[in-house]
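Readers should treat all values here as calculations from the given coordinates under stated rules, not as data from a laboratory. Only a predicted model underlies this, so the values are computations on that prediction, with no experimental measurement involved. No Cβ is skipped: glycine too gets one built from the backbone with ideal geometry, and neighbour counts run over all protein chains shown.
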Amino acid sequence: MHTGNVVVAWINAVQDRLRAQLRDLGVEPRDLAALTLVAAYDGCSQDWLRPRIELTQSGTVRLVDRLAARGLLTRGASTGRGVPLHLATGGAALLRTWADRRDAAVAALLGTLPPEVRAGLVEGLRQSLLSQPRLRAHADAACRVCTWPACGADCPVDRSVTP
């Protein structure tokens with residue numbers, strides 16, 4: 001057994017299941033990332049969002065236009081520093097559905113493991129996330145498809161942010 005192969009094969013299995021859920025919901029990973037980040041940082045601007053979803057300025061504008069046209073995001077009145085973005089009702093519903101489907105996909109993969117092995121794996125992943133110091137923007141990007149309130153103050157990525 002080769003550690004790199006095992007880890008990458010498991011990551012691929014997770015990604016394949018998550019991509020299938022995204023396709024079923026009719027969204028792309030960056031769409032979901034933008035919705036998640038706007039939900040967590042209500043009123044953020046496109047300029048704030050852009051580096052966290054790794055798009056150019058024009059790409060971010062097109063993404064926001066597309067999400068707004070689908071009724072997933074709304075734009076507020078210009079503040080002079082940008083146009084605030086807000087999650088629309090449709091975007092909030094999509095995020096709830098995504099969270100349920102994401103959790104079910106992960107549970108299906110982990111469900112075959114004995115409870116102590118599953119707990120050990122999750123704890124190992126938590127420790128790995130904690131041990132990697134990051135800037136706030138990188139932490140936001142790392143959690144771009146998470147359900148932020150679920151972790152609360154115990155988010156290992158959030159706790160890894162350097163001052």
- Message: Anything in the stretch 69-78 that is surrounded by fewer than 17 Cβ atoms within 10 Å (Cβ to Cβ) and either closer than 11 Å to Leu35 by Cβ or in contact (Cβ under 8 Å) with a residue 24 or more places away in the chain (or both)? List them, or say none.
- Response: Arg70, Gly76
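Output the number of residues of the stretch 131-163 satisfying the condition of being β-branched (Val, Ile, Thr) and free of Cβ contacts under 8 Å to residues at least 40 places away in the same chain. Walk me through how you get there before you give the answer.
Initial filter on the stretch 131-163 (β-branched (Val, Ile, Thr)): 145, 147, 157, 161-162.
With free of Cβ contacts under 8 Å to residues at least 40 places away in the same chain added as a condition, the list becomes 157, 161-162.
The number of residues fulfilling the criteria is 3.
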- Query: Residue check: is Leu113 in a loop (DSSP other than H, G, I, E, B), within 17 Å of Ala13 (Cβ to Cβ) and hydrophobic (A, V, I, L, M, F, W, C)?
  - Reply: yes
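In this structure, does Ala150 turn out to be in a loop (DSSP other than H, G, I, E, B), exposed (fewer than 13 other Cβ atoms within 10 Å of the Cβ) and among the hydrophobic types (A, V, I, L, M, F, W, C)? Full working, then the answer.
Values: in a loop (DSSP other than H, G, I, E, B): no; exposed (fewer than 13 other Cβ atoms within 10 Å of the Cβ): yes; among the hydrophobic types (A, V, I, L, M, F, W, C): yes.
Spelling it out, it is not the case that Ala150 is in a loop (DSSP other than H, G, I, E, B), exposed (fewer than 13 other Cβ atoms within 10 Å of the Cβ) and among the hydrophobic types (A, V, I, L, M, F, W, C).
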- Is the stretch 85-103 home to any residue that is part of a helix (DSSP H, G or I), surrounded by 13 or more Cβ atoms within 10 Å (Cβ to Cβ) and either at positive phi or in contact with a Pro (Cβ under 9 Å, 6 or more places away or on another chain) (or both)? no
- Among (1) part of a helix (DSSP H, G or I); (2) buried (at least 16 other Cβ atoms within 10 Å of the Cβ); (3) not polar (S, T, N, Q), where does Val145 come up short? (1)
- Query: Name the residues in the stretch 116-163 that are under 15 Å from Val14 (Cβ atoms) and among the β-branched types (Val, Ile, Thr), would you?
  - Reply: Val122, Val145
- Filter result (touching a strand residue (DSSP E or B) at 6+ places or on another chain (Cβ under 8 Å), part of a helix (DSSP H, G or I) and within 20 Å of Arg96 (Cβ to Cβ)) within the stretch 27-70: Ala34, Leu35, Val38, Ala39, Leu67, Ala68
